[in-house]
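Q: Dropping the structure in here first, questions after.
The values are calculated or read from the model by the stated rules, or taken from the named source; none is laboratory data. Quick caveat, the model's predicted, so the values are computed rather than measured. Every residue, glycine among them, receives a Cβ derived from its backbone with ideal geometry; neighbour counts consider all protein chains shown. To get the accessible areas, we keep the full protein, side chains included, count just its heavy atoms, and leave off ligands, DNA and RNA. Shrake-Rupley method; radii C 1.70, N 1.55, O 1.52, S 1.80 Å.
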Amino acid sequence: MSLLGLNDAADDKLFIRYMPSTNGWFVGKEDEVDLKYFILNPSSVKTGWGKITKGEAPEWVFDEALGKRAIRPGDTEEEKMNFKRGFSVDMFIQEEGLRTWSTTTTGSNIGFENAYTEIHAQQGENVGKFPVIEYTGSEAIKIGKGNTRVPQFKLVKWVESDEFEKNELNGAYEEPSFDEPVADENPASDDSDIPF
């Protein structure tokens, strides 16, 4: 690592991606993870135009604000077609730590927008808290002439967490501490397998 870290290659392990072709979640180049529950940081959500090419660093032109679509980048029609709508969001997974999920795939866009709509509707009642999300699988759908998978999510509960403050993406990753149990906000449900 250089002194300022300006010319280092991005660490693939700081990211997570959903692969519709294999119906799996991956960190790094080939490490598949069993994603079940994660905490999502709604304030980290960015939407915009992304150009994701295998073997190259992603190129993003993010919207000025959510819901205010930026102008599609590119000087020619061909250049513009290389950019697709997508999003970026930070999530905390107990086994993996802090990860950023950014993608332009249609299925992921549909799945995330469905989840975010519910999160956004409940944010006002949960100030200072973060949503715990369950990944429940995926649904195969047909888009035009092709097929894809839409990841399915369920908002389980809201919790207080400092994981997004402790584990900044541009700093050294520290292993989180789970010594203090989170108070169960819904004692009637059996969520003993939820780590948050």
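Q: If you take the residues in region 97-156 that are outside any strand (DSSP E or B), farther than 25 Å from residue 60 by Cβ and among the hydrophobic types (A, V, I, L, M, F, W, C), which one is least open to solvent (accessible area, probe 1.4 Å)?
A: Among them, the one singled out is 121.
Q: So which residues in region 31-40 are open to solvent by 20 Å² or more (accessible area, probe 1.4 Å) and either touching a helix residue (DSSP H, G or I) at 6+ places or on another chain (Cβ under 9 Å) or not in a strand (DSSP E or B) (or both), if there are any at all?
A: Across region 31-40, the qualifying residues are 31, 34, 36.
Q: Sticking with this structure for a sec: Inside region 29-50, can you point out the residues that are of a type in the set (Lys, Arg) and at pLDDT below 95?
A: Taking region 29-50 first, the residues of a type in the set (Lys, Arg) are 29, 36, 46.
Scanning region 29-50 gives a single hit, 29.
Q: Need pairs with beta-carbon distance below 6 Å; first residue without any contact (Cβ under 8 Å) to a residue 40 or more places away in the chain and within region 139-162, second among the charged types (D, E, K, R) and not in a strand (DSSP E or B); sequence gap 6+ or separate chains.
A: Going by the 6 Å Cβ cut-off, the qualifying pairs are 157/185; 158/129; 160/129.
Q: Next question, about the same structure. Quick one: is residue 46 open to solvent by 70 Å² or more (accessible area, probe 1.4 Å) and not in a loop (DSSP other than H, G, I, E, B)? I'd like the intermediate steps shown before the answer.
A: Values: open to solvent by 70 Å² or more (accessible area, probe 1.4 Å): yes; not in a loop (DSSP other than H, G, I, E, B): yes.
Here the answer is yes, as residue 46 does meet what is asked.
Q: Can you name the number of the only condition in (1) on the phi < 0 side of the Ramachandran plot; (2) touching a residue at least 40 places away in the same chain (Cβ under 8 Å) that residue 97 fails?
A: Tallying (1) on the phi < 0 side of the Ramachandran plot; (2) touching a residue at least 40 places away in the same chain (Cβ under 8 Å), residue 97 fails exactly one: (1).
Q: I'd like the full set of residues that are surrounded by 13 or more Cβ atoms within 10 Å (Cβ to Cβ) and farther than 23 Å from residue 44 by Cβ, limited to region 73-91. Before the answer, list the steps.
A: Filtering region 73-91 down to residues surrounded by 13 or more Cβ atoms within 10 Å (Cβ to Cβ) leaves 73-74, 80, 82-91.
Hits for region 73-91 are 74, 80, 82.
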